[in-house]
Ligand SMILES: *Cc1c(COP(=O)(O)O)cnc(C)c1O
């Protein structure tokens with residue numbers, strides 16, 4: 001599918017991002033939630049490659065949305081710079097140098113380290129001197145089994161929560177944990193984490209601490225663990241129409257991939273039996289063939305692992321990759337696709353007629369993960385945003 005009115009940069013290759021699909025995925029997930037459970041839209045890694053700012057703009061006014069989550073402070077600043085006013089939570093550890101700016105911009109900290117407290121207080125006092133009266137809003141991270149970041153539940157964790165809650169400069173807005181295995185059919189590990197989180201929350205409440213926002217579910221949890229709903233959930237990959245894993249019950253909810261990738265053939269030629277194609281001469285023709293060159297490569301995020309394995313769609317048919325994927329180009333077999341000519345559109349990811357290539361399939365073929373594929377889409381690939389079926393925005397590298 002090629003759109004009308006694309007910019008010159010989009011002629012070579014572009015990612016089409018369907019905001020209607022994004023909305024529909026968000027609605028599908030919302031339908032899994034109890035009334036009153038808010039959604040935190042996870043837009044880390046530039047919105048899993050889809051573009052954090054356009055995604056945030058699209059969702060900011062959506063009903064039931066609490067705000068956004070990023071992985072780093074810089075990602076949060078980018079949203080603020082673009083005028084996103086909704087709450088933003090940074091999910092990862094941030095170094096103290098950014099605390100003042102985060103606090104000033106009301107970006108929520110993920111708190112789990114003892115030494116963060118005095119640094120946050122210092123940042124607040126420094127803002128105070130400048131006439132800015134703001135508390136540092138934090139969400140305490142609890143490690144219930146992922147063993148990544150977070151305080152351990154139990155008496156020691158309780159002491160930490162109490163200390164944070166007692167500080168004048170700090171507002172404990174939320175508390176959360178993260179599942180390591182909610183995307184598996186067997187939910188026993190995720191259930192153990194959930195139980196551990198709930199008992200910790202009870203311990204905290206018994207000790208007189210009230211924390212307004214409790215959250216633990218990721219996409220897989222939202223779809224398959226209704227008991228993990230609580231005050232909010234953190235929706236990531238499924239918003240973009242991607243599945244958390246192959247083990248998910250795909251018939252329970254309908255997701256539409258938001259991203260597809262489109263280019264054009266730039267060269268068509270015939271080769272004779274015995275001729276090799278691309279670096280290393282790994283592919284050698286056994287017969288006379290027609291081959292086409294696609295102007296996309298691993299620098300665009302089309303994995304080199306698809307060398308000799310992947311395929312693209314041309315005129316609604318599969319054209320297999322021949323030989324190695326280069327940095328900026330690769331070749332495909334169009335012997336049986338007479339319509340393939342210089343200028344013909346190519347779908348590298350997405351649907352063309354009855355055929356579809358999903359990120360899950362490309363991930364599988366290249367030994368990569370669907371999330372990884374989305375996140376690695378190159379900066380030089382323009383993003384074309386579709387709303388109500390037509391182009392509403394084009395983001396390209398200047
Ligand atoms: C990335 C992330 C999420 C979102 O996970 P998905 O599987 O993409 O839904 C939620 N919470 C935390 C802490 C994360 O790092």
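Among 250, 287, 38, the residue with the largest mean-square fluctuation in a Gaussian network model of the chain, with springs joining Cα atoms closer than 10 Å, is 287. Across the chain, counting alpha-carbon atoms alone, Rg and Dmax equal 24.0, 80 Å. Rounded to the nearest whole angstrom, the semi-axes of the ellipsoid equivalent to region 46-159, taken from the Cα gyration tensor as √(5λ), stand at 24, 20, 12, largest first. Each residue in 209, 267 was given a count of other beta-carbon atoms within 10 angstrom of its own, and listing them fewest first yields 267, 209.
Relative to the current alpha-carbon distance between residue 206 and residue 395, full extension at 0.36 nm per residue lengthens the span by 63.0 nm. For a test of the definition: using alpha carbon positions, the gyration tensor, and the 1.5 limit on a/c, classify region 40-108 as rounded, prolate or oblate. Judged from the Cα gyration tensor, region 40-108 comes out prolate (a/c at least 1.5, a/b above b/c).
Using R0 = 41 Å, the C-beta based FRET efficiency linking residue 5 and residue 149 works out to 0.35.
With an 8 Å cut-off on Cα pairs and a minimum separation of 6 or more residues, tell me the relative contact order of region 342-398 in percent. Once divided by the residue count of region 342-398, the mean separation gives 18 percent. Comparing 18, 27, 183 in a Gaussian network model of the chain, where Cα atoms under 10 Å apart are tied by springs, the biggest mean-square fluctuation is seen for 27. Evaluating kT/(6 pi eta Rh) at 20 °C and 1.002 mPa s, with the Kirkwood radius of region 196-238 over Cα pairs in the Stokes-Einstein relation, gives 192 µm² s⁻¹. Global dimensions of region 128-192 from alpha-carbon coordinates: Rg and Dmax equal 15.8, 54 Å.
Computed extension gain for residue 199 through residue 128, at 0.36 nm per residue and net of the alpha carbon distance, reaches 21.8 nm.
With the simple model of a label 7 Å out from the Cα in the direction of the Cβ, residue 168 to residue 93 spans 2.9 nm. The alpha carbon centroids of region 207-280 and region 47-119 are separated by 21 Å. How big is D for region 164-214, in µm² s⁻¹ as a whole number, if Stokes-Einstein is applied with the Kirkwood radius of its Cα pairs at 20 °C and 1.002 mPa s? Reported coefficient: 172 µm²/s. Distance between the 7 Å Cα→Cβ label points at residue 85 and residue 113: 3.4 nm.
Dividing the helix sum by the residues of the chain, where each DSSP H run of 4 or more adds -39500 (n - 2.57), gives a mean residue ellipticity at 222 nm of -7500 deg cm²/dmol. Is the C-alpha gyration tensor of region 43-83 telling us rounded, prolate or oblate? Criteria: a/c under 1.5 is rounded; beyond that, a/b larger than b/c is prolate, otherwise oblate. Because a/c hits 1.5 or more and a/b exceeds b/c, region 43-83 counts as prolate. If R0 is 30 Å, the Cβ-Cβ spacing of residue 341 and residue 250 corresponds to a FRET efficiency of close to 0.20.
Note on the chain: GNM, Cα springs under 10 Å; of 245, 366, 188, the largest mean-square fluctuation is that of 188. Per residue, the convex hull around the alpha carbon atoms of region 137-291 comes to 207 Å³. Relative to its Kirkwood radius, the Cα radius of gyration of region 171-248 gives an Rg/Rh of 1.01. Computing FRET efficiency as 1/(1 + (r/R0)^6) for residue 105 and residue 318, where r is the C-beta to C-beta distance and R0 is 45 Å, gives about 0.40. When the alpha carbon gyration tensor of region 252-398 is reduced to an equivalent ellipsoid, its three semi-axes come out at 26, 17, 15 angstrom, largest first. For the chain, what relative contact order do you get, as a whole percent, if you take Cα pairs closer than 8 Å and at least 6 residues apart? 18 percent.
Computed from Cα atoms, the angle from the helix 19-30 axis to the main principal axis of the chain rounds to 40 degrees.
Let me know the shape class of region 266-306, please: from the alpha-carbon gyration tensor, a ≥ b ≥ c as square roots of the eigenvalues, rounded when a/c is under 1.5, otherwise prolate if a/b is greater than b/c, or oblate. Since a/c reaches 1.5 but b/c is at least a/b, the shape of region 266-306 is classed as oblate. Here the contact order of region 153-225, divided by its residue count and restricted to Cα pairs under 8 Å and six or more residues apart, works out to 44 percent. The convex hull built on the alpha-carbon positions of region 285-355 has an orientation-averaged projected area of 4.6 nm².
Here, each number is a calculation from the coordinates, and none is a lab measurement. Predicted, not measured: the structure shown is a model, and the values here were computed from it. Cβ atoms come from the backbone with ideal geometry, glycine included; neighbour counts cover every protein chain shown.
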